[in-house]
């Protein structure tokens with residue numbers, strides 16, 4: 001495990017810069033040997049800057065909720081709640097996961113379990129992968145838990161249906177295995193005991209990856225509210241098992257993470273053996289504009305030296321189940337051996353990639369990077385700008401316009417581009433085009449104001465220079481009060 005925070009980040013950043021400088025030095029030497037003119041200093045500086053950017057990323061890494069994220073065999077994989085199927089997004093670098101294509105690995109024709117499909121979780125046993133998920137017939141009370149099994153060692157499948165698991169004849173969601181003292185157990189969320197109590201955590205032994213055996217035991221869990229205790233997820237260190245879980249309503253800004261733990265050698269089937277930790281251990285951060293952080297998973301960096309959390313959060317404090325996006329950040333460990341999850345970072349905060357991540361040729365453009373050159377925005381027509389959107393916007397500002405044919409042109413070099421912008425009750429429909437091609441209509445309307453939302457991903461483009469154009473077309477859907485278009489953050493891949 002890697003401890004520490006800022007100093008490690010600085011060292012890693014400096015290593016990236018040194019690698020870039022050494023590479024540029026070698027290139028310069030080669031140029032001099034061939035008798036060609038050396039690269040001008042400004043160009044060298046820009047190349048060093050871009051080299052450093054390849055070792056960074058920004059959240060979100062997926063537009064979905066309830067993420068299960070892990071790294072295996074040279075790829076990051078993430079699955080989130082989709083509702084009617086299970087899909088997996090895969091990428092060799094965390095920096096490009098947001099624009100990775102989805103691979104649908106499971107749809108079900110059985111009407112008793114083919115809707116309200118939630119919270120997939122992964123388990124690797126031998127040369128098979130197992131996906132644990134929740135589904136119903138469309139009635140929430142009929143949610144039960146199920147298991148898929150892969151045909152081989154590829155986490156992206158193909159998968160076949162394996163079994164229903166831990167069915168005690170009542171509502172059950174968010175189950176996944178944990179291992180303690182070499183024995184596998186299944187933990188999940190079921191109804192609370194007693195009138196008006198919160199949902200309860202339960203545990204049962206497992207005989208194989210798809211079978212829970214014997215009776216269940218309720219694990220009482222604190223949560224700072226009278227609502228859910230859901231999404232139990234394990235974290236391990238020095239033989240100790242930490243059971244982290246989400247509490248309160250996921251639609252509320254105070255959705256948060258709490259934790260119990262059990263010592264090495266203690267029996268998890270004895271409720272009293274579970275120590276309740278004071279909480280929450282991860283909660284809303286008004287300063288950075290992150291509300292409702294929770295329903296998470298843990299993963300290690302590609303080289304195994306760092307621990308990371310993947311979770312969903314919102315950048316609106318409004319009570320809503322929409323706009324939950326997957327974010328990740330590094331965690332550390334306290335001197336007493338307990339995990340330190342820190343506090344949620346702003347969606348657009350630039351972070352260093354996990355150790356061992358190969359990086360990717362990415363860069364970011366802010367709406368205030370005005371100009372006619374590469375990685376700049378050229379505005380035409382009447383646009384307004386300001387910081388009224390505060391921490392809901394990238395770097396606290398955005399541009400907007402409702403003037404028909406007002407446009408923003410972005411020149412970039414790459415193979416793909418993504419727009420993350422403000423959506424609001426007064427927003428309209430934009431016309432977005434690449435390299436002068438046909439416009440795609442994109443609706444920026446939302447019933448609540450929310451920022452840094454993924455509104456557009458371009459198709460994969462030939463490597464090289466391209467032009468993206470965003471135009472106000474003066475149209476809106478019937479629910480909107482205006483035709484405003486926002487420009488905030490542009491990610492280039």
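Is it true that some residue in the stretch 281-292 is under 14 Å from the mean Cα position of the chain (by Cα), in contact (Cβ under 8 Å) with a residue 60 or more places away in the chain and part of a strand (DSSP E or B)? No: the stretch 281-292 contains no residue that is under 14 Å from the mean Cα position of the chain (by Cα), in contact (Cβ under 8 Å) with a residue 60 or more places away in the chain and part of a strand (DSSP E or B).
So that you can scan it fast, the table gives a plain yes or no per residue for (1) modelled with pLDDT under 50; (2) farther than 26 Å from residue 153 by Cβ; (3) buried (at least 17 other Cβ atoms within 10 Å of the Cβ):
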| position | (1), (2), (3) |
| --- | --- |
| 41 | yes, yes, no |
| 44 | yes, yes, yes |
| 53 | yes, yes, yes |
| 106 | no, no, yes |
| 111 | no, yes, no |
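A quick yes/no check of all residues on (1) touching a strand residue (DSSP E or B) at 6+ places or on another chain (Cβ under 6 Å); (2) within 25 Å of residue 422 (Cα to Cα); (3) modelled with pLDDT of 95 or more:
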{"residue": "330", "(1), (2), (3)": "yes, no, yes"}
{"residue": "349", "(1), (2), (3)": "no, yes, yes"}
{"residue": "356", "(1), (2), (3)": "no, no, yes"}
{"residue": "364", "(1), (2), (3)": "yes, yes, yes"}
{"residue": "367", "(1), (2), (3)": "yes, yes, yes"}
{"residue": "370", "(1), (2), (3)": "yes, yes, yes"}
{"residue": "375", "(1), (2), (3)": "yes, yes, yes"}
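Can you pull out the residues in the stretch 415-446 that are in a loop (DSSP other than H, G, I, E, B) and under 23 Å from the mean Cα position of the chain (by Cα)? The answer is 415, 416, 444, 446. The set of residues in the stretch 389-411 being within 26 Å of the chain's Cα centre (by Cα) and surrounded by fewer than 20 Cβ atoms within 10 Å (Cβ to Cβ) consists of 390, 395, 396, 397.
Selection of the stretch 71-86 for residues being out of contact with any helix residue (DSSP H, G or I) (no Cβ under 9 Å at 6 or more places or on another chain) and either surrounded by fewer than 19 Cβ atoms within 10 Å (Cβ to Cβ) or farther than 20 Å from residue 231 by Cβ (or both) yields 72, 73, 74, 75, 82, 83, 84, 85. Here residue 332 qualifies as surrounded by 16 or more Cβ atoms within 10 Å (Cβ to Cβ) and either in the same structural domain as residue 392 (by TED's automatic domain parsing) or in a strand (DSSP E or B) (or both). For the stretch 355-368, does any single residue satisfy the condition of being part of a loop (DSSP other than H, G, I, E, B) and more than 30 Å from residue 307 (Cβ to Cβ)? Yes, that holds for at least one residue.
Yes or no: residue 385 at pLDDT below 95 and surrounded by 13 or more Cβ atoms within 10 Å (Cβ to Cβ)? So residue 385 fails the test. Assessment of the stretch 454-470 against the conditions (outside the structural domain of residue 289 (by TED's automatic domain parsing), touching a helix residue (DSSP H, G or I) at 6+ places or on another chain (Cβ under 8 Å), assigned to a strand (DSSP E or B) and within 25 Å of residue 317 (Cβ to Cβ)) yields at least one matching residue. Does any residue of the stretch 341-348 turn out to be buried (at least 17 other Cβ atoms within 10 Å of the Cβ), out of contact with any helix residue (DSSP H, G or I) (no Cβ under 9 Å at 6 or more places or on another chain) and over 26 Å from residue 491 (Cα atoms)? Yes, the stretch 341-348 contains a residue that is buried (at least 17 other Cβ atoms within 10 Å of the Cβ), out of contact with any helix residue (DSSP H, G or I) (no Cβ under 9 Å at 6 or more places or on another chain) and over 26 Å from residue 491 (Cα atoms). Against the test of being surrounded by fewer than 22 Cβ atoms within 10 Å (Cβ to Cβ) and assigned by TED's automatic domain parsing to the domain that holds residue 74, the options 134, 156 yield a single qualifying residue, 156.
The values are calculated or read from the model by the stated rules, or taken from the named source; none is laboratory data. Only a predicted model underlies this, so the values are computations on that prediction, with no experimental measurement involved. As a convention, Cβ positions derive from the backbone with ideal geometry for all residues, glycine included, and neighbour counts pool all protein chains shown.
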